[in-house]
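**Student:** Quick one: the structure is below, and I'll ask about it shortly.
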Amino acid sequence: MQSDHPNVLSRIGTAIMSLGFPFLVVLILLLPGSLQARTWWNEAWSAREKITVDTSDNGVAVSDPVGTTTVVVRLHDGNFDFSNSKEDGSDLRFVDSDDKTLLASQVEKFDTVMNEGFVWVKIPDLKPGTARDIYLYSGRNEKKKPAKGEKVDLPKTAYDGDTVMVYHFNEHGTPPGDSSGNGIRAETPGIPIDGSMIGGGIKLDGKKPISVPANPNSAILEAAPYTWMTFVKPATLVPNVPIYSRKDGANGLRIGLDNGIPFMEISGASGTQRGTANAPLAAGAWKHLALVSDGTRTTLYVDGVAVANLPVPLPSLNGPAFIGGDGDGKPGFAGEIDEMEVSKSARTPGFIKISALGQGQQNAKLLVMSKPEAASVSFFDSLGLFGYLIKSVTVDAWVVIGILGLMSAISWVVMIQKYNHISSLSRGNKEFMNQWHHLSKDITSLDTDDPEKIASLGGRTDPAHIKFIHSTPIYRVYHLGCEEIRLRVTDGTGLSHRSKEAIESSLEALVTRESSHLSSMMVLLTICIAGGPYVGLLGTIIGVMITFGEIAMLGEVDINAIAPGIAAALLATVCGLIVAIPALFGYNYLSVQVKDITTDMRLFVEEFLTKMAEYYPEQMDSNSSH
């Protein structure tokens, strides 16, 4: 009896090896964090634009250190497709040059009707004299599963920790609010102006300054580093008008214009000292003013250029501040103001220049926007919902699906191999039985010592059928019976009762072995039937656990976050059923075929024994005769 175990095992091994490499390639391409992630930050966004932050001579030339700074990105219909974003711009994301690190940002204005937007983006460690690329992503697909770290509190982190107060002045009829997150809100409003220096601004008439109440977050310690800056557009040039002032007893700070000439005044225990620029500002033109104190010296800047210095630090100031006046009823600044920022550190000259020129008239030179890019549509995107589910599968689920894929391959190899083998045996059995029905009419022809005549069914089969018939289990039963008769019939007279029992036992034992051989490897199908759904269920449970864990990390419950993860996790259960169902059908079919062949063998044994008893009369045992 020849076994087909090595043949089946060889085919299973070949199938696993042939499936292994393609499966590995598909797994690498589909897993989150795959090669695609190095070229596209997040596939949930459909478009992006490269923005080059240029501090070299080709852009806004900066030679001094800058550090972490927040720049404004101006969007308009000439450089951005507003129809691809949400109405409030909340889907805008900025990513650093590595196309992985998310940058904090804050939307000041986003108008899809006027096609105008102003977004503040924090760029860490900006170097002078370099060109650095960042990416603006837009067009968030809400059907996509949120990625880890995607939904963070971006607006509140758009400025560094040294920023004390930021006024965008984009309110309409309400006091200016603090965009730095420190809660330093003004008490009185200004006159709102649309189309100011950067988005919305305010207009002051010189009569009603904006008051900012004292706040512990805005307190200035004696000789502490400090930076103040803003954009101003004077309407008229009049003597000694403050733009920003703050008093605390005898201590005070005033920044203003004297007939258009910028000045700063610092009052302390040693008196009041005043520093002035050399040239006046032009009425009706925007200029950037900044004051920087490093604890020993205070410098006044106009458009990023130092115009005055005082060798004194700032005194301690804990009182209220006023924008556009001193709060004493005297005439103050008349004109427009936009983007006021206060910091508790001495900003570098490079930082001041970027703020003055990069946010102002030379913004287009500092931030150079490239043509929009659209996300490529992958093969799985073209599959629609099914492809979307495949791309949402997590790493652990892919491991489970990979195991199920190997189980499925094994089950199909076993089923195909067993089907071909059993079908061949069934045809061979039929061919043998056709010959046997002729031979069984004269079974005495088997009473011969010629092994070749026995093997060829009494000489009835031709050489073309001999090899085919020899592979059938019924032939092997027949051949064993013939060999047993030939060994026991030596004088041609008959068989003893014991000999007949021995022959019957040998035939029954062979039928049992043949039946066991026919059922070989079927245990692999039972493993796939019983284990496939459970392995798939394990992948589903793990996938659901990870989905809820990610939701907990994101800090919010969103159906768009839950549904894709759970649907993708259920895909593992589907794969488990896909493994088990064909294996179940194949197992039942093959079991019936094995049972039929076994039944045919047992019927043949009965028929063979009957013919044997008919043509070989029973003789008395030699022991019984005594």
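The values are calculated or read from the model by the stated rules, or taken from the named source; none is laboratory data. These numbers were taken from a predicted model, which means no experiment stands behind them. Backbone-built Cβ (ideal geometry, glycine too); neighbour counts: all protein chains shown. Surface areas here come from the heavy atoms of the whole protein model, side chains and all, with no ligands, DNA or RNA. Shrake-Rupley method; radii C 1.70, N 1.55, O 1.52, S 1.80 Å.
**Student:** Tally up the residues in region 267-277 that are under 20 Å from VAL238 (Cβ atoms) and either at pLDDT below 95 or of a type in the set (A, V, I, L, M, F, W, C) (or both), please.
**Tutor:** Going residue by residue through region 267-277, those that are under 20 Å from VAL238 (Cβ atoms) are 274-277.
Among the residues that remain, those that are also either at pLDDT below 95 or of a type in the set (A, V, I, L, M, F, W, C) (or both) are: 277.
Result for region 267-277: 1.
**Student:** Here's a follow-up. Applying the selection to region 283-305, what residues are closer than 23 Å to GLY268 by Cα and either open to solvent by 30 Å² or more (accessible area, probe 1.4 Å) or modelled with pLDDT of 95 or more (or both)?
**Tutor:** LEU289, ALA290, LEU291, VAL292, SER293, ASP294, THR296, ARG297, THR298, THR299, LEU300, TYR301
**Student:** If you don't mind, another one. Which residues, counting only those in region 319-341, are open to solvent by 10 Å² or more (accessible area, probe 1.4 Å) and assigned to a strand (DSSP E or B)?
**Tutor:** Correct list: PHE322, ALA334, GLU336, GLU339, GLU341.
**Student:** Report, by residue number, each residue of region 502-520 that is touching an Asp or Glu at 6+ places or on another chain (Cβ under 9 Å) and either small (Gly, Ala, Ser) or surrounded by 20 or more Cβ atoms within 10 Å (Cβ to Cβ) (or both).
**Tutor:** Within region 502-520, ALA502, ILE503, SER506, LEU507, SER520 meet the criteria.
**Student:** Select from region 241-282 the residues that are assigned to a strand (DSSP E or B), under 22 Å from GLY206 (Cα atoms), open to solvent by 40 Å² or more (accessible area, probe 1.4 Å) and not charged (D, E, K, R) and list them in ascending order.
**Tutor:** Scanning region 241-282 gives ILE261, THR276.
**Student:** Collect the residues in region 159-200 that are assigned to a loop (DSSP other than H, G, I, E, B) and among the aliphatic types (A, V, I, L, M), keeping them in residue-number order.
**Tutor:** The answer is ILE184, ALA186, MET197, ILE198.
**Student:** Okay, next question. Considering only region 599-611, state which residues are in contact with a helix residue (DSSP H, G or I) (Cβ under 8 Å, 6 or more places away or on another chain) and either more than 20 Å from ASN434 (Cβ to Cβ) or among the acidic types (Asp, Glu) (or both).
**Tutor:** ASP600, GLU607, LEU609, listed by residue number.
**Student:** Ok, one more. Which members of region 248-266 meet the condition of being at pLDDT 95 or above and over 25 Å from GLY360 (Cα atoms)?
**Tutor:** Selection gives ASN251, GLY252, LEU253, GLU265, ILE266.
**Student:** Out of (1) free of Cβ contacts under 8 Å to residues at least 40 places away in the same chain; (2) buried (at least 19 other Cβ atoms within 10 Å of the Cβ), the odd one out for CYS528 is which?
**Tutor:** (1)
**Student:** Related question: Among (1) buried (at least 16 other Cβ atoms within 10 Å of the Cβ); (2) of a type in the set (Asp, Glu); (3) in contact (Cβ under 8 Å) with a residue 24 or more places away in the chain; (4) more than 22 Å from ILE354 (Cα to Cα), there is one condition ASP160 misses while meeting the rest; what is its number?
**Tutor:** (4)
**Student:** Under 7 Å between Cβ atoms, which residue pairs at least 6 apart in sequence (or on different chains) link something in region 541-570 that is modelled with pLDDT under 70 and open to solvent by less than 30 Å² (accessible area, probe 1.4 Å) with a partner that is of a type in the set (Val, Ile, Thr) and assigned to a helix (DSSP H, G or I)?
**Tutor:** Matching pairs, first to second residue: ALA561/ILE551.
**Student:** Could you please give the count of residues in region 42-88 that are touching an Asp or Glu at 6+ places or on another chain (Cβ under 9 Å) and of a type in the set (Val, Ile, Thr)?
**Tutor:** Count: 9.
**Student:** A further question on this structure: Any residue in region 504-520 that's in a loop (DSSP other than H, G, I, E, B): show its pairings with residues that are of a type in the set (A, V, I, L, M, F, W, C) and open to solvent by less than 20 Å² (accessible area, probe 1.4 Å) at Cβ separation under 9 Å, as long as the two are six or more apart or on different chains.
**Tutor:** Listed by first residue and then by second, the contacts come to SER519/LEU590; SER519/VAL594; SER520/VAL8.
**Student:** Hey, another quick one. Being within 57 Å of the chain's Cα centre (by Cα), within 19 Å of GLU339 (Cβ to Cβ) and in a loop (DSSP other than H, G, I, E, B): is that true of LEU291 here? Quick ask: steps written out before the conclusion?
**Tutor:** Numbers: within 57 Å of the chain's Cα centre (by Cα): yes; within 19 Å of GLU339 (Cβ to Cβ): yes; in a loop (DSSP other than H, G, I, E, B): no.
Considered against the rule, which asks whether it is within 57 Å of the chain's Cα centre (by Cα), within 19 Å of GLU339 (Cβ to Cβ) and in a loop (DSSP other than H, G, I, E, B), LEU291 comes out as no.
**Student:** Could you please let me know if VAL60 is over 25 Å from the mean Cα position of the chain (by Cα), under 30 Å from THR227 (Cβ atoms) and part of a strand (DSSP E or B)? Break it down stepwise before answering.
**Tutor:** Numbers: over 25 Å from the mean Cα position of the chain (by Cα): yes; under 30 Å from THR227 (Cβ atoms): yes; part of a strand (DSSP E or B): no.
For VAL60, the condition - over 25 Å from the mean Cα position of the chain (by Cα), under 30 Å from THR227 (Cβ atoms) and part of a strand (DSSP E or B) - is not met.
One line per residue, one yes/no per condition, for (1) open to solvent by 20 Å² or more (accessible area, probe 1.4 Å); (2) polar (S, T, N, Q); (3) more than 26 Å from HIS76 (Cα to Cα); (4) modelled with pLDDT under 85:
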| site | (1), (2), (3), (4) |
| --- | --- |
| PRO349 | yes, no, yes, no |
| ILE352 | no, no, no, no |
| SER355 | no, yes, no, no |
| ASP381 | yes, no, yes, yes |
| GLY384 | yes, no, yes, yes |
| LEU389 | yes, no, yes, yes |
| VAL393 | no, no, yes, yes |
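**Student:** Return yes or no: is SER46 surrounded by fewer than 22 Cβ atoms within 10 Å (Cβ to Cβ), out of contact with any Pro (no Cβ under 6 Å at 6 or more places or on another chain) and within 22 Å of LYS100 (Cα to Cα)?
**Tutor:** Yes: the conditions hold for SER46.
**Student:** Separate question: Just checking, does region 473-488 include any residue being farther than 25 Å from PRO617 by Cβ, over 60 Å from the mean Cα position of the chain (by Cα), open to solvent by 20 Å² or more (accessible area, probe 1.4 Å) and at pLDDT 85 or above? Write out each step before concluding.
**Tutor:** First, the residues of region 473-488 that are farther than 25 Å from PRO617 by Cβ: 473-476.
After this cut, where a residue has to be over 60 Å from the mean Cα position of the chain (by Cα) as well, the list is 475-476.
Adding the requirement that they be open to solvent by 20 Å² or more (accessible area, probe 1.4 Å) leaves 476.
Narrowing the set further to residues that are at pLDDT 85 or above leaves 476.
So far as region 473-488 goes, yes, one or more of its residues are farther than 25 Å from PRO617 by Cβ, over 60 Å from the mean Cα position of the chain (by Cα), open to solvent by 20 Å² or more (accessible area, probe 1.4 Å) and at pLDDT 85 or above.
**Student:** Something else about it: Could you list, in sequence order, all residues of region 202-225 that are surrounded by 17 or more Cβ atoms within 10 Å (Cβ to Cβ) and over 23 Å from LEU310 (Cα atoms)?
**Tutor:** Once the filter is applied, which keeps residues that are surrounded by 17 or more Cβ atoms within 10 Å (Cβ to Cβ) and over 23 Å from LEU310 (Cα atoms), region 202-225 yields ILE202, LYS203, LEU204, GLY206, PRO209, ILE210, VAL212, ASN215.
**Student:** How about region 74-102: which of its residues are without any contact (Cβ under 8 Å) to a residue 40 or more places away in the chain and under 26 Å from GLY161 (Cβ atoms)? Quick ask: steps written out before the conclusion?
**Tutor:** Going residue by residue through region 74-102, those that are without any contact (Cβ under 8 Å) to a residue 40 or more places away in the chain are 77-78, 82-83, 87-90, 96-98, 101.
Scanning region 74-102 gives GLY89, SER90, ASP96, SER97, ASP98, THR101.
**Student:** Mind listing just one residue for me: the one in region 184-201 that is farther than 18 Å from GLU108 by Cβ and out of contact with any Leu (no Cβ under 8 Å at 6 or more places or on another chain) and, of those, surrounded by the most Cβ atoms within 10 Å (Cβ to Cβ)? If you could, list the steps in order and put the result at the bottom.
**Tutor:** Initial filter on region 184-201 (farther than 18 Å from GLU108 by Cβ): 187-188, 191.
Next, only the ones that are out of contact with any Leu (no Cβ under 8 Å at 6 or more places or on another chain) stay: 187-188.
Working: GLU187: 11, THR188: 14.
Among those that are farther than 18 Å from GLU108 by Cβ and out of contact with any Leu (no Cβ under 8 Å at 6 or more places or on another chain), it is THR188.
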